[in-house]
1. Name the one entry in S331, S307, S312 that is closer than 19 Å to A414 by Cα, at pLDDT below 95 and small (G, A, S).
2. Among the residues of segment 38-50 satisfying the criterion of being open to solvent by 30 Å² or more (accessible area, probe 1.4 Å) and in a helix (DSSP H, G or I), which is nearest to L137 (Cα to Cα)?
3. Consider G378 against the criteria (1) assigned to a helix (DSSP H, G or I); (2) in contact (Cβ under 8 Å) with a residue 12 or more places away in the chain; (3) closer than 22 Å to D320 by Cα: it satisfies all of them except one. Which criterion is unmet?
4. Open to solvent by 50 Å² or more (accessible area, probe 1.4 Å), farther than 30 Å from L141 by Cβ and outside any loop (DSSP other than H, G, I, E, B): does that describe K96?
5. Of the residues that make up segment 196-207, is at least one hydrophobic (A, V, I, L, M, F, W, C), at pLDDT 95 or above and at negative phi?
6. Return the only residue of R409, R416, R319, R353 being touching a Pro at 6+ places or on another chain (Cβ under 7 Å) and open to solvent by 60 Å² or more (accessible area, probe 1.4 Å).
Amino acid sequence: MKPVTLLAFGCLVVISTSLPAQQNTAQRAGRPEPFQNFFQLPGIEFSAEQQEQVAALREEFVPRLSANQQKWDGVITDAQRRARNQAMRQARDAGKQGRELREAVDAAIVLSDEQKQQRGDIQRERDQIVSEIRTKLTALLTDQQRAAIQQPRQGQQGPPRRAPTHADLKYGPHARNVMDVWLAKSDQPTPVLVSIHGGGFRAGNKSVDANLLNQCLDAGISVVAITYRFSSDAIAPAQFHDGARAVQFIRHNAKEWNLDPTRIAATGGSAGAGISLWLGFHDDLADPDNADPVLRQSSRLTCMVVSAGQTSYDPRFIRDLFPGSDTYQHSALAQLYGVDLNNLDNLPAEKYRLFEECSPLHHLTKDDVPAMLNYGGGFDQEITNVGIGIHHAQFGKVLKEKMDEFGIRCVVNAGRETLGADARITPIDFLKQNFGMTE
């Protein structure tokens, strides 16, 4: 049977009703195998033994992915399918690719409410399958591969990133409790910016924007980039507590590293933003009587500068914030808490307490610190998929409204819109102001 090329779930895939035959044909022709991108990890080259294990995972999951893809395509009518295929040809002839191609194809068909509901259910099924694949792929990795996952490729960050003063420094007992430290040159103790990576709590590695790193070091601000346990290693609140321990570890070493323990800020994108905000609003986790000297230190921050951040990880809150959207069922949240979000209203009471414990908004009080939040889309951006929803500027708007009630400074930039008295203040200037480094 002739393969049919479909545009779905943000990527091009090829399927047919005779999958094994198609797989063999693809291999002989040197073309990518169906759903190949789901069985890869950025920056990871599998060993021969691992490749055999990945091949076994393909045998296990490709039939499920194929069936899911066929259900997705079966939702639309023949007329919609013809309109979609024509739009795809025209878009390709016009040289469109990637996001532009997807948008052109999506605009060619108008789905009914019933079709949207059907595709929402199918998308959630796909998210769950992909989450299972990701978890099993991550389990195959060596410690060295785990450390390398999603490291930025050379030349992708613009200006060269300076070498850290201390690299791969352990700050806790777990394999992913690792940090890189850049110490700014100064005769006086320097403030510190802690960079916390994103990745849905299930991917990513310690990283920091090269521009911000250089700006900080030039301004006399030291920088620390951390990583933390994936949700495949431990469910919440492990990731948040790892972030707190990293801050405590920095304070524990403040004198040796010439740091000012009273001036520590955090930054990050997406999950890294959420952890940063949680640290800024959560009560101090210092335990003065703890046998571990690190845990005797304060976990509090001076301010936060984040991007595409979630201000709550409570699926009930997210459902109310985006009515009619399935954002609250994002597979990353399900994995973070170890729950089935299809049963959100019938979970054990301890899971609801966990949702609240991990949500920055839940901890906000009048004695908390300033925050700056940046989003790529506007406050009215249409939510066409869970990726847009989970990074939506409405998260920032709700936080600002609460912080305004307490009289705490909060700046939210969303697309071309800004909430707050500061007209497009830069992250470095926001940091310098809150560190008391400006006149």
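The values are calculated or read from the model by the stated rules, or taken from the named source; none is laboratory data. For clarity, every value in this text was computed on a predicted model and none was experimentally measured. Cβ coordinates were reconstructed from backbone atoms using ideal geometry, including for glycine residues, and neighbour counts include every protein chain displayed. The area values use the complete protein model at the heavy-atom level, side chains included, leaving out ligands, DNA and RNA. Shrake-Rupley method; radii C 1.70, N 1.55, O 1.52, S 1.80 Å.
1. Details: S331 fails: closer than 19 Å to A414 by Cα; S312 fails: at pLDDT below 95.
None of the other options fit; the residue is S307.
2. Looking at the filtered set, the residue picked out is F38.
3. With respect to (1) assigned to a helix (DSSP H, G or I); (2) in contact (Cβ under 8 Å) with a residue 12 or more places away in the chain; (3) closer than 22 Å to D320 by Cα, G378 is out only on (1).
4. No; evaluated as a whole, the condition is false for this residue.
5. Scanning segment 196-207 turns up at least one residue that is hydrophobic (A, V, I, L, M, F, W, C), at pLDDT 95 or above and at negative phi.
6. It is R409.
The rows are residues; the columns are (1) loosely packed, with under 12 Cβ neighbours inside 10 Å; (2) in contact (Cβ under 8 Å) with a residue 40 or more places away in the chain; (3) of a type outside the set (S, T, Y).
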| residue | (1), (2), (3) |
| --- | --- |
| E52 | yes, no, yes |
| R58 | no, no, yes |
| N68 | no, yes, yes |
| W72 | no, yes, yes |
| A83 | no, no, yes |
| Q86 | no, no, yes |
| E100 | no, no, yes |
| A104 | no, no, yes |
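Quick grid of which residues meet (1) crowded, with 22+ Cβ neighbours inside 10 Å; (2) modelled with pLDDT of 95 or more; (3) farther than 18 Å from S231 by Cβ; (4) acidic (D, E):
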position	(1), (2), (3), (4)
D340	no, yes, no, yes
L344	no, yes, no, no
E357	no, yes, no, yes
L361	no, yes, yes, no
D367	no, yes, yes, yes
F379	no, no, yes, no
I383	no, no, yes, no
V398	no, yes, yes, no
